Amino acid sequence: MSHRQTRLGQQIRLHRRLRAAVVAALALAALLMLAWTPATAQQLLDPTEPPAGALRPAAGANAAQPLVSQGPQLQSVLHGSRGRELAVIDGLTIRRGEKFDGAVLVNIGKDEVVLKRGKQLQVLRLYPGQPATVASEPSRR
């Protein structure tokens, strides 16, 4: 064997060792990334989750009182540019004057609505712990 062939054989063996080392390093890096991903995913916060303390009762509120009302839930109030007002109650979109569960929607405020069932008025609020901001009597437009 000539010196040239010996040198070429050494270079080929070195190349194979380097390639094996690179493949092993890439495999190790991939395994580390897979092992690290679940740990970081558990630390991500849900952007739709209410802030801590938002579900606690207000100071002075009765602790035995449930945080979620058992009746209908006001989910949204929409005020359009042309005076169009809508309320979303229990997932249903309702306009002023329309009926919801046997009651008529008589007033839509900034963050609450008034339902009238016979002579009885029921105020639904977006934020149940806040005081009323709409008149108890239906407005005439």
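Here, each number is a calculation from the coordinates, and none is a lab measurement. All figures in this text were calculated on a predicted structure; none of them were measured in a lab. For neighbour counting, all protein chains shown are included, and Cβ atoms are generated from backbone atoms with ideal geometry for every residue, glycine included.
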- Task: Pull up all non-local amide H partners of residue 100: gap of 5 or more, or a different chain, and H-to-H distance under 5 Å with H placed in the peptide plane.
- Result: 105
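So how do 18-31, 103-116, 83-96 stack up, highest first, on mean other-Cβ count within 10 Å?
Values: 18-31: 10.0, 103-116: 19.4, 83-96: 15.0.
Listed from highest to lowest mean packing, they are 103-116, 83-96, 18-31.
Which of 16, 125 comes first, and how do the rest follow, when ranked by fewest Cβ neighbours within 10 Å? Intermediate results must be reported in sequence, preceding the final value.
Values: 16 10, 125 19.
Listing 16, 125 from fewest to most nearby Cβ atoms yields 16, 125.
Taking the Cβ of each residue in 48, 6 as the centre, tally the other Cβ atoms inside 10 Å and list the residues starting with the fewest. The partial results should precede the final answer.
Details: 48 5, 6 10.
In order of increasing Cβ crowding within 10 Å: 48, 6.
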